[in-house]
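Scroll down for the structure; my scribbles are underneath it.
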Amino acid sequence: MTPDLFADTPPGWHEPLGEGAMVLRGFALPFEAALLAALDTVIAAAPFRHLITPGGFKMSVAMSNCGTLGWVGDRRGYRYDPRDPDSGLPWPAMPAAFARLALAAAQVAGFDGFTPEACLINRYDIGARLSLHQDKDELDYAHPIVSVSLGLPAVFLFGGFERSDPQQRVPVVHGDVVVWGGPSRLRYHGVLPVKPGSHPLLGERRINLTFRKVR
Ligand code: MD3
Ligand code: FE
């Protein structure tokens, strides 16, 4: 990695966001090569697709999954499913590098033994966004969600417990990991439209991995 003298924070910086939520700047960088290789393998087996929301809109974010469960949605609503509805096959296995990174990041944030069944993989092309929502399809909110940002930078909106609560803007770049646990687990959040640009390894896109313990 080339040290960036003008970065806002040094690599390895751990930034508390809210109770139970923490940004681990650059935490994924030592895993970068293994993550990108594993990502290619997963996406070859379960290509990205744009889900249709229950309201009938095509999401701007393209998604896939790995692990024993994947998050899927259609006109009927959202659910976790052991199979990819596009292929009828089980989702690709969770790559070892993915599992190790999620476990290590959760541990640093104070959540021991994090063994997620699901990794949702979001691809943001330029302009793609994720509107404000809560993640409520998991059974036990005592488990954190771990999110890994790769490729182009983005700005997370980190709100409160009501949709109308004020939002913090949290910029994230390639390699940043955020652990969302404790009381922060149920806060509203979203992603602002990804700005035009090109990342040296990933090109004109942002990839976000979210690790979830579902049941
Ligand atoms: C804050 N993904 O897939 S991860 C999602 O960058 C999702 O793709 C975004 O939100 C992305 O559901 C943001 C950040 C995230 C995940 C879970 C949270 C933020 C959270 C749970 C509570 C509070
Ligand atoms: Fe979410």
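The values are calculated or read from the model by the stated rules, or taken from the named source; none is laboratory data. Remember, it's a predicted structure, so these values are computed and weren't measured experimentally. Using ideal geometry, Cβ is built from the backbone for each residue, glycine included, and neighbour counts are taken over all protein chains shown.
Points worth noting:
- A Cβ distance below 7 Å, combined with a sequence gap of six or more or placement on separate chains, defines the contacts here; from segment 124-136, residues that are over 21 Å from Tyr80 (Cβ atoms) reach residues that are more than 10 Å from ligand 1 (Cβ to nearest atom) and part of a strand (DSSP E or B) in the pairs Tyr124/Arg205; Asp125/Arg205.
- Residue match in segment 145-153 (condition: in contact with a strand residue (DSSP E or B) (Cβ under 9 Å, 6 or more places away or on another chain), part of a loop (DSSP other than H, G, I, E, B) and surrounded by 20 or more Cβ atoms within 10 Å (Cβ to Cβ)): yes
- Here Gly113 clears all of (1) within 10 Å of ligand 1 (Cβ to nearest atom); (2) part of a loop (DSSP other than H, G, I, E, B); (3) farther than 20 Å from Gln168 by Cα except the condition numbered (1).
- Applying the set (1) aromatic (Phe, Trp, Tyr); (2) closer than 24 Å to Gly190 by Cα; (3) at pLDDT 95 or above; (4) away from ligand 1 (no atom under 16 Å from the Cβ) to Phe27 leaves exactly one unmet item: (4).
- Residue count for segment 12-52 satisfying the condition of being within 25 Å of Pro144 (Cα to Cα), touching a Lys or Arg at 6+ places or on another chain (Cβ under 9 Å) and part of a loop (DSSP other than H, G, I, E, B): 5.
- With respect to the conditions (1) surrounded by 14 or more Cβ atoms within 10 Å (Cβ to Cβ); (2) within 19 Å of Gly203 (Cβ to Cβ); (3) of a type in the set (Asp, Glu), Asp40 lacks only one, and its number is (1).
- When segment 174-191 is filtered for residues that are within 14 Å of ligand 2 (Cβ to nearest atom) and of a type in the set (A, V, I, L, M), the ones remaining, listed by number, are Val178, Val179, Leu186, Val191.
- Condition met for Pro171 (in a strand (DSSP E or B), surrounded by fewer than 22 Cβ atoms within 10 Å (Cβ to Cβ) and more than 16 Å from ligand 2 (Cβ to nearest atom)): yes
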